[in-house]
Amino acid sequence: MIAWQKNDLAFQASKEYSWSSFPIQVVFQCGAVSLTLDGYWNGDRTWTVRFAPTQPGTWTWRSHSSDPAMDQQQGEIECVAPTTDQVKDNPNLRGFIGVSDSGRHFTYADGTLFFWLGDTV
């Protein structure tokens, strides 16, 4: 997997839940970075957690759920940095967009300026 590329983990619940109940969370860790993400209902008894690693390295994950079929599942995801060519082809691999340190413009996580252009017809 490449850093900043989305990945979905699907879990099967033992029973049906309301779409708004969020019966599963997954904790992702890589070094000192820890991300806790809620799952979303993806039809029938399937719950999905969407994750994009924010740095290269070995990410471990563990699920936490009140449903025993989805609780305490775990795994690892190996993540590498995107190549220069991959970033050229897909600017999203520069990372999430946020406000610059100066607060005056938007940047990708790698510091590259983000040019936001909108138009109406």
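Considering only the stretch 85-112, how many residues are at pLDDT 95 or above, assigned to a helix (DSSP H, G or I) and surrounded by 12 or more Cβ atoms within 10 Å (Cβ to Cβ)? Looking only at that region, the number is 4.
Being surrounded by fewer than 11 Cβ atoms within 10 Å (Cβ to Cβ) and within 15 Å of ASP8 (Cα to Cα) is true of GLY43. Every test in (1) in a strand (DSSP E or B); (2) surrounded by fewer than 12 Cβ atoms within 10 Å (Cβ to Cβ); (3) of a type in the set (Gly, Ala, Ser) is passed by SER20 save one, and that test is (1). Filtered by the rule that a residue be assigned to a strand (DSSP E or B) and surrounded by 16 or more Cβ atoms within 10 Å (Cβ to Cβ), the stretch 58-84 gives TRP59, TRP61, SER63, SER65, ILE77, CYS79.
The values are calculated or read from the model by the stated rules, or taken from the named source; none is laboratory data. Quick caveat: nothing in here was measured; it's all calculated off a predicted structure. Note: ideal-geometry Cβ built from the backbone for every residue, glycine included; neighbour counts use all protein chains shown.
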